[in-house]
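The values are calculated or read from the model by the stated rules, or taken from the named source; none is laboratory data. It should be emphasised that the depicted structure is a prediction, and the values quoted were computed from it without experimental measurement. Here the Cβ is made from the backbone with ideal geometry for all residues, glycine too, and neighbour counts use every protein chain on show. Just so you know, the surface numbers come from the protein's heavy atoms only, side chains and all, with ligands and any DNA or RNA stripped out. Shrake-Rupley method; radii C 1.70, N 1.55, O 1.52, S 1.80 Å.
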Number of protein chains: 2
Amino acid sequence: MAEELVSVEHCLENLPEQELKEVKRILYGREHPSIEIPDGAVQLAQKYNFEVKGYQITASREELTPPRPVRIGVVQNSIAADTTAPVGVQRTALHNKISRITQAAALCGVNVLCYQEAWTMPFAFCTREKQPWCEFAEDAEYGPTTQLCQELAQKYNMVIVSSILERDSVHGDTLWNTAVVISNKGHVLGKTRKNHIPRVGDFNESTYYMEGDTGHVVFQTQFGRIAVNICYGRHHPQNWMMYGINGAEIVFNPSATVGGLSEPLWAIEARNAAIANSFFACAINRVGTEVFPNEFTSADGKPAHKDFGHFYGSSYVAAPDGSRTPGLSRTQDGLLVTEVDLNLCRQVKDRWGFRMTQRLDLYARSLSAAVMPDYQPPTIRDSC
Amino acid sequence: MAEELVSVEHCLENLPEQELKEVKRILYGREHPSIEIPDGAVQLAQKYNFEVKGYQITASREELTPPRPVRIGVVQNSIAADTTAPVGVQRTALHNKISRITQAAALCGVNVLCYQEAWTMPFAFCTREKQPWCEFAEDAEYGPTTQLCQELAQKYNMVIVSSILERDSVHGDTLWNTAVVISNKGHVLGKTRKNHIPRVGDFNESTYYMEGDTGHVVFQTQFGRIAVNICYGRHHPQNWMMYGINGAEIVFNPSATVGGLSEPLWAIEARNAAIANSFFACAINRVGTEVFPNEFTSADGKPAHKDFGHFYGSSYVAAPDGSRTPGLSRTQDGLLVTEVDLNLCRQVKDRWGFRMTQRLDLYARSLSAAVMPDYQPPTIRDSC
């Protein structure tokens, strides 16, 4: 296999300067300045081989409302131990890796940090095997990963969004794909579950857990109103829209997705959501190739194999004005720090007017009609 | 002002070959082969100074269902006479220009052709002046533009989508922003009106016409099921979604939009719609700078002026699998011919499963609740 490209943005730097400027404007919107990464974070990154990038997304100054600056951190990473290692060893290795990156985030002044989907485990849902992978499931409120996040959140005065495989032992030992939101004081604010479950290629998640039952809850934290649209939910604009209607200013999209399947969609979907809903959308993908002990098939006519394909990272933050940060690399662990001014959300609503022109009453009626089993779409037929 | 860039795609051709291939895959999805443009069309294009490009978007062969090839044509163009010329002269000049491009489309074997928004006139809504611009409004069923389109449609055996300023004299002489759909036999199949009206910058359309009342009608033509999402409606994912729910396989987005405002959004929105709804989305923008007789302001604190800014063309077709054609140029009139196999829509639904995982019942309930004036979004508050 050819070596993986680092990133599109990296390649574009070869263009002539004047053209590059215009290409970047058209592809990515207004350019966002870098922010300085403190030495301590740089050293951690060098020592533990992860990338740190930082950008600032500004808003206009207002007379009556002060700026509402928030530093958002998103983390992408590969697994930290072989998938053949004992479950506890695998999880501890990831706990350690993420603790180090979180420390770097704290040094960068991050206020709200989000990890990738199911970050405590390999993305083993390709295998369709229940053991040992279901052992990675944890209690959302009291599990060891939530406890770790509470310690980190309190230590660093940081809201943490932790996406895990949840075991709900109170309700029939059910499994869920869940994000736990922990306040900057270390309290579990609540949880929110993945609303849309894929059935495509290696993403056999529908054999593990069901569609989420937590609706489109928004968390009012000390650093703004946040929501979590987990992975495959990014393909559904109506999902993003409900988080926007419910007041989210930052929506995280912790994901796990591979190049052959989704890469041309990656730069489109979260960004479209940021535009349509006037919020910040944070697309987070894992990195690397995960190889499993037993072979599995991918429902594509090809022979059985043991790896999932390349998780291409490329995590980025999209702004409500249509601009976005460059992405993290396609190949390396990384921390992306983005300082945003949450006033931009309202400012863009005032400018573009997308919220007030949504005509939600029309769609409430249309959808209510469309879900009836005997619904007949309004169609004009050419009878000639 | 610096010279306008021809297109991002044109600039990228300077990258090293191996990198370019990967950059294109990530940015645009799988590559689509060009189709040959017949000599007659090339000659027309040279004589009248418009660009012609052609691509083929294939689908998998199936055993029981034959391919459903359709050639889609989209047209972008500048106005053809000064805005100070008599209204009749301006319109006739555009009728002539479009007739020539339509002839080229016929030579290319186009089955369904769509013109840009309000193609019979300059985009005069920036002026807020009602005269003489309202004179461009026509009866959708019997106006001179519809008559011309009927002649062209019958002559070339081509479905034509004609987006005009409509005067509905039967219902109070109201104005609408309307697309008329004409069958390949030359019959008016019906019309569909712009659902979402902008109030941003120079887009003072809300002072001319109201939100459309035709819902999300789909036209079953001899060349597939088509719908029309006019201009600003592309910012609203729920609008695209309803056309998809109602069965559209091709959705045209005839538009008029300028670089300073929307260009970083342009490549995102129609493409996201194609992905989310498993249909072909055709984004069509006008070209050039339109200068008006009287000065107007743009609600941006800047002095009064007479031009609208640069309409950047860049029309393209997005496929349901996340890929897209290259765009037409940012600077020149053009005809983009795209041969698609409509089977791809269903094939992608089977593969990605976006339609079956939409959970429309959830959103019918959520939206019905959200439109109540006393709606309280579900919010978990940090009480610390």
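Checking the conditions here, which among B:SER278, B:SER206 is at pLDDT 95 or above, open to solvent by 10 Å² or more (accessible area, probe 1.4 Å), in contact with a Pro (Cβ under 9 Å, 6 or more places away or on another chain) and farther than 28 Å from A:PRO326 by Cβ?
Exactly one residue qualifies, and that residue is B:SER206.
Output the residues belonging to region A:76-92 that are of a type in the set (A, V, I, L, M, F, W, C) and under 16 Å from A:SER162 (Cα atoms).
Within region A:76-92, just A:ILE79 meets the criteria.
Just to verify a result, which residue in region A:220-240, among those that are touching a residue at least 60 places away in the same chain (Cβ under 8 Å) and hydrophobic (A, V, I, L, M, F, W, C), is surrounded by the most Cβ atoms within 10 Å (Cβ to Cβ)?
Across region A:220-240, the extreme among qualifying residues is A:VAL228.
I'm trying to understand the selection: among the residues of region A:224-243, which are in a loop (DSSP other than H, G, I, E, B) and either at pLDDT below 95 or of a type in the set (A, V, I, L, M) (or both)?
Matches in region A:224-243: A:ILE230 only.
Among (1) over 30 Å from B:LYS130 (Cα atoms); (2) within 23 Å of the chain's Cα centre (by Cα); (3) of a type in the set (Ser, Thr, Tyr), which single condition is B:SER60 missing?
It fails just one condition, (2).
Taking A:GLU62 as the residue in question, decide whether it is open to solvent by 50 Å² or more (accessible area, probe 1.4 Å) and among the acidic types (Asp, Glu).
So A:GLU62 passes the test.
So if I check each of B:ARG271, B:ARG286, which one is under 22 Å from B:TRP133 (Cβ atoms) and of a type outside the set (A, V, I, L, M, F, W, C)?
Exactly one residue qualifies, and that residue is B:ARG286.
Can you pull out the residues in region B:1-21 that are more than 7 Å from chain A (Cβ to nearest Cβ), outside any loop (DSSP other than H, G, I, E, B) and open to solvent by less than 50 Å² (accessible area, probe 1.4 Å)?
B:GLU9, B:LEU12, B:LEU20
Are any residues in region B:189-210 assigned to a loop (DSSP other than H, G, I, E, B) and within 18 Å of the chain's Cα centre (by Cα), and if so, which ones?
The answer is B:LYS194, B:ASN195, B:HIS196, B:ILE197, B:PRO198.
Mind checking which pairs have a first residue in region B:86-100 that is of a type in the set (Val, Ile, Thr) and a second that is part of a helix (DSSP H, G or I) and surrounded by fewer than 17 Cβ atoms within 10 Å (Cβ to Cβ), Cβ under 7 Å, 6 or more apart or different chains?
B:VAL87/B:GLU135
Search region B:281-309 for residues being touching a helix residue (DSSP H, G or I) at 6+ places or on another chain (Cβ under 6 Å) and modelled with pLDDT of 95 or more, and hand back the single one that is surrounded by the fewest Cβ atoms within 10 Å (Cβ to Cβ).
Filtering region B:281-309 for residues that are touching a helix residue (DSSP H, G or I) at 6+ places or on another chain (Cβ under 6 Å) and modelled with pLDDT of 95 or more, the one surrounded by the fewest Cβ atoms within 10 Å (Cβ to Cβ) comes out as B:PHE296.
Just the residues that are at the interface with another protein chain (Cβ under 7 Å from one of its Cβ atoms), in contact with a strand residue (DSSP E or B) (Cβ under 9 Å, 6 or more places away or on another chain) and not hydrophobic (A, V, I, L, M, F, W, C), please, taken from region A:235-286.
Hits for region A:235-286 are A:ASN246, A:GLY247, A:GLU263, A:PRO264, A:GLU269, A:ARG271, A:ASN272.
Mind listing whichever residues of region B:22-58 are away from every other protein chain (no Cβ under 14 Å), in a helix (DSSP H, G or I) and touching a residue at least 40 places away in the same chain (Cβ under 8 Å)?
Hits for region B:22-58 are B:GLY40, B:ALA41, B:LEU44, B:ALA45, B:TYR48.
Here are some conditions: (1) of a type in the set (Gly, Ala, Ser); (2) outside any loop (DSSP other than H, G, I, E, B); (3) open to solvent by 10 Å² or more (accessible area, probe 1.4 Å). B:GLY247 meets all but one. Which one does it not meet?
(2)
Here is a list of conditions, (1) open to solvent by less than 10 Å² (accessible area, probe 1.4 Å); (2) outside any helix (DSSP H, G or I), and A:SER262 meets all of them except one; can you say which number that is?
Looking at each condition in turn, A:SER262 falls short on (2).
I need a count of the residues in region A:211-223 that are in contact with a Phe, Trp or Tyr (Cβ under 9 Å, 6 or more places away or on another chain) and not in a loop (DSSP other than H, G, I, E, B).
Adding up the residues that qualify gives 1.
When you scan region A:144-155, how many residues do you find that are over 21 Å from the mean Cα position of the chain (by Cα) and crowded, with 19+ Cβ neighbours inside 10 Å?
Qualifying residue count, region A:144-155: 0.
In region B:326-384, how many are aromatic (Phe, Trp, Tyr), within 7 Å of chain A (Cβ to nearest Cβ) and under 17 Å from A:VAL217 (Cα atoms)?
1
What pairs can you find where one residue is in region A:170-188 and within 14 Å of chain B (Cβ to nearest Cβ), the other is in a strand (DSSP E or B) and of a type in the set (Phe, Trp, Tyr), and their Cβ atoms are less than 7 Å apart, with a gap of 6+ or different chains?
Pairs that qualify, where the first residue is within 14 Å of chain B (Cβ to nearest Cβ) and the partner is in a strand (DSSP E or B) and of a type in the set (Phe, Trp, Tyr), are A:VAL181/A:PHE219.
Residues are listed down the side, and each one gets a yes or a no for (1) crowded, with 20+ Cβ neighbours inside 10 Å; (2) touching a Gly at 6+ places or on another chain (Cβ under 6 Å); (3) within 30 Å of B:ILE226 (Cβ to Cβ):
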{"site": "A:VAL348", "(1), (2), (3)": "yes, no, no"}
{"site": "A:TRP352", "(1), (2), (3)": "yes, no, yes"}
{"site": "A:MET356", "(1), (2), (3)": "no, no, yes"}
{"site": "A:MET372", "(1), (2), (3)": "no, no, yes"}
{"site": "A:SER383", "(1), (2), (3)": "no, no, yes"}
